[in-house]
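So the structure is just underneath, and the comments pick up after that.
The values are calculated or read from the model by the stated rules, or taken from the named source; none is laboratory data. Quick caveat: nothing in here was measured; it's all calculated off a predicted structure. Here the Cβ positions follow ideal geometry from the backbone for every residue, glycine too, while neighbour counts run over all protein chains shown.
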Amino acid sequence: MANTPYPQSYYAASANAAPVRPSLQDDVETDVCVIGAGYTGLSSALFLLEKGFKVTVLEAAKVGFGASGRNGGQIVNSYSRDIDVIERSVGPKQAQLLGQMAFEGGRIIRERVAKYQIQCDLKDGGVFAAITSKQMGHLESQKRLWERYGHTQLELLDQSRIREVVACDLYQGGMLDMSGGHIHPLNLALGEAAAVESLGGVIYEQSPAVRIERGTNPVIHTPQGKVRAKFVIVAGNAYLGNLVPELAAKSMPCGTQVITTEPLNDELAKSLLPQDYCVEDCNYLLDYYRLSADKRLIFGGGVVYGARDPANIEAIIRPKMLKAFPQLKDVKIDYAWTGNFLLTLSRLPQVGRLGDNIYYSQGCSGHGVTYTHLAGKVLAEALRGQAERFDAFAELPHYPFPGGQLLRTPFTAMGAWYYSLRDKLGF
Ligand SMILES: Cc1cc2nc3c(=O)[nH]c(=O)nc-3n(C[C@H](O)[C@H](O)[C@H](O)COP(=O)(O)OP(=O)(O)OC[C@H]3O[C@@H](n4cnc5c(N)ncnc54)[C@H](O)[C@@H]3O)c2cc1C
């Protein structure tokens with residue numbers, strides 16, 4: 001049977017020790033079968049276990065193998081499309097509910113880290129950096145918007161103030177969110193998996209769900225075993241493939257790439273990001289970066305629509321890093337990797353239920369570290385019969401990408417090219 005290892009990332013190289021988990025070889029029974037051990041699956045499993053459900057998690061590769069173990073590690077609040085867009089597209093009650101939840105994911109992460117003593121280098125403070133004055137204007141209105149939903153740990157940074165938090169000359173200003181921050185993403189996932197097991201949950205690795213027999217008691221088949229469950233949570237996101245064909249039609253896997261430098265000397269690291277905040281710029285195709293605990297710069301950016309793996313990641317991302325930090329021109333890159341996130345046309349998550357007992361959440365479109373933690377809570381609530389918050393997500397409209405499976409990649413790339421041209425020209 002295939003044994004899929006982690007990609008060769010900085011995170012895999014610096015992961016905390018984790019047990020070797022078996023693959024499923026038997027028929028087992030459970031209350032809830034969770035497909036996928038990324039943040040969505042693990043967060044769902046934890047909330048359900050805390051409420052007394054019996055939970056079995058099937059992971060095709062290893063815990064955190066997908067985006068959850070490869071991402072930029074940035075705790076970014078709200079959704080990939082902000083609440084103002086939601087306010088315009090849904091009714092006031094639904095918008096209010098979704099707005100109230102927009103900052104909950106970050107709190108869940110911090111609660112999890114504290115409660116289960118997860119060692120994942122959690123740091124507070126994230127900066128949104130504006131390259132154009134239009135972007136700065138957007139941040140000003142975003143601050144007002146977020147404050148309306150009770151999120152007040154925000155500070156606008158003018159040009160001289162942002163220079164005090166990041167040694168980059170590209171920015172006109174920014175916004176500091178002290179409830180943002182950063183983590184070692186794979187170690188967060190591994191810590192959550194250990195928490196799942198501490199509560200009696202069982203995780204099988206190298207155990208892809210290859211077929212779901214739907215019905216009153218669904219049966220989830222892996223190559224060498226079966227799980228009989230009362231409920232299924234589908235949490236495979238961009239790595240799910242066509243297991244649930246209804247979900248594949250309205251979403252598209254996309255790749256984004258990350259590089260990691262060699263450790264920087266203390267003085268250089270401190271000069272780049274003196275307060276150790278993480279930063280993402282406000283471009284449509286954005287760059288994001290932060291320091292690791294051992295003072296490497298972790299820098300990500302770019303999007304490959306359709307999730308083809310680029311041949312030379314360093315050649316794509318290093319020039320972006322040097323544009324922001326020319327002072328790193330002699331610094332070596334130790335790691336480069338790619339990972340997939342799942343894009344929806346609206347850039348809002350796709351949440352719902354198939355039949356009576358198959359639940360899903362996917363497609364948070366780039367910003368998912370916080371949302372996926374919230375999703376676990378909302379899915380667990382729905383399984384327990386409290387579906388008001390789940391319904392607020394499930395009722396968001398979703399549409400297929402123009403061009404169907406064949407043309408959606410070039411069409412979406414053209415759209416992104418248009419938006420990034422607008423960023424470059426500042427309109
Ligand atoms: C390179 C990169 C950088 C990013 N940076 C950030 C960031 O800094 N901040 C932020 O907020 N968001 C970021 N994101 C997005 C964020 O990481 C994701 O939204 C989030 O991790 C998705 O979590 P998930 O659990 O839904 O999916 P994933 O973490 O992808 O997990 C899905 C899991 O399901 C498994 N699986 C799939 N199919 C099956 C099957 N049939 N059977 C069993 N298992 C299956 C996969 O192996 C995988 O482990 C980034 C994403 C990428 C790729």
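Yes or no: ASP309 over 23 Å from GLN172 (Cα atoms) and of a type outside the set (Ser, Thr, Tyr)?
In short, yes.
Report the residue count in the stretch 201-247 for those that are under 26 Å from the mean Cα position of the chain (by Cα), more than 9 Å from the ligand (Cβ to nearest atom) and surrounded by fewer than 16 Cβ atoms within 10 Å (Cβ to Cβ).
Count: 4.
Out of the stretch 342-381, which residues are under 23 Å from ALA189 (Cα atoms), more than 14 Å from the ligand (Cβ to nearest atom) and not acidic (Asp, Glu)?
Result: ALA380, single match.
From VAL196, VAL166, which residue is outside the structural domain of LYS323 (by TED's automatic domain parsing), under 26 Å from ASN71 (Cα atoms) and crowded, with 20+ Cβ neighbours inside 10 Å? First the steps, then the outcome.
Values: VAL166 fails: outside the structural domain of LYS323 (by TED's automatic domain parsing).
Step by step, each of VAL196, VAL166 is checked, and only VAL196 is outside the structural domain of LYS323 (by TED's automatic domain parsing), under 26 Å from ASN71 (Cα atoms) and crowded, with 20+ Cβ neighbours inside 10 Å.
Could you grab me the full set of residues in the stretch 366-405 that are polar (S, T, N, Q) and within 19 Å of the chain's Cα centre (by Cα)?
Of the residues in the stretch 366-405, the ones polar (S, T, N, Q) are 370, 372, 386, 405.
Of everything in the stretch 366-405, those that are polar (S, T, N, Q) and within 19 Å of the chain's Cα centre (by Cα) turn out to be THR370, THR372.
Which of (1) touching a strand residue (DSSP E or B) at 6+ places or on another chain (Cβ under 9 Å); (2) farther than 20 Å from PHE128 by Cβ; (3) more than 10 Å from the ligand (Cβ to nearest atom) does GLY339 not meet, given it meets every other one?
(3)
Provide a single number: the residues in the stretch 211-241 that are assigned to a loop (DSSP other than H, G, I, E, B) and touching a Ser or Thr at 6+ places or on another chain (Cβ under 6 Å). Steps first, answer last, please.
If we filter the stretch 211-241 for residues that are assigned to a loop (DSSP other than H, G, I, E, B), which is where we start, we get 214-218, 223-224, 235-236, 240-241.
Within this subset, residues satisfying the condition of being touching a Ser or Thr at 6+ places or on another chain (Cβ under 6 Å) are 235.
Adding up the residues that qualify gives 1.
Please indicate, with yes or no, whether at least one residue in the stretch 35-50 is in contact (Cβ under 8 Å) with a residue 24 or more places away in the chain and part of a strand (DSSP E or B). Lay out the reasoning, then the answer.
Pass one, the stretch 35-50, residues in contact (Cβ under 8 Å) with a residue 24 or more places away in the chain: 35-50.
Within this subset, residues satisfying the condition of being part of a strand (DSSP E or B) are 35.
Looking for residues that are in contact (Cβ under 8 Å) with a residue 24 or more places away in the chain and part of a strand (DSSP E or B), one finds at least one in the stretch 35-50, hence yes.
With the stretch 62-119 as the region, which helices (runs of 4 or more DSSP H) entirely inside it contain at least 3 residues that are within 14 Å of the ligand (Cβ to nearest atom)?
Working: elements: 83-89, 92-101, 104-115.
Here the list reads 104-115.
What is the residue count in the stretch 328-370 for residues that are assigned to a strand (DSSP E or B) and among the β-branched types (Val, Ile, Thr)?
Residues in the stretch 328-370 being assigned to a strand (DSSP E or B) and among the β-branched types (Val, Ile, Thr): 4 in total.
Go through the stretch 165-207 and report how many residues are part of a strand (DSSP E or B) and either of a type outside the set (S, T, N, Q) or at positive phi (or both). Step through it out loud before you land on a result.
Of the residues in the stretch 165-207, the ones part of a strand (DSSP E or B) are 173-182, 202-204.
Of the ones still in play, those that are also either of a type outside the set (S, T, N, Q) or at positive phi (or both) are 173-178, 180-182, 202-204.
Total meeting the criteria: 12.
Surrounded by 24 or more Cβ atoms within 10 Å (Cβ to Cβ), modelled with pLDDT under 95 and among the hydrophobic types (A, V, I, L, M, F, W, C): which single residue out of CYS364, CYS278 fits that description?
On the way: CYS278 fails: modelled with pLDDT under 95.
Residue meeting the stated conditions: CYS364.
Taking the stretch 326-355, which residues are free of Cβ contacts under 8 Å to residues at least 60 places away in the same chain and closer than 30 Å to GLU388 by Cα? Don't jump to the end; show me each part of the working.
So the first thing to find is which residues in the stretch 326-355 are free of Cβ contacts under 8 Å to residues at least 60 places away in the same chain, and the list is 326, 329-330, 351-353.
Answer for the stretch 326-355, where residues must be free of Cβ contacts under 8 Å to residues at least 60 places away in the same chain and closer than 30 Å to GLU388 by Cα: VAL351, GLY352, ARG353.
Would you check if LYS123 is farther than 22 Å from ALA293 by Cβ and among the basic types (Lys, Arg)?
Values: farther than 22 Å from ALA293 by Cβ: no; among the basic types (Lys, Arg): yes.
No.
Would you point out which residue out of GLY300, GLY255 is closer than 19 Å to PRO319 by Cβ, within 24 Å of the chain's Cα centre (by Cα) and at pLDDT below 95? Give the steps one after another, and end with the answer.
Numbers: GLY300 fails: at pLDDT below 95.
From the options GLY300, GLY255, the qualifying one is GLY255.
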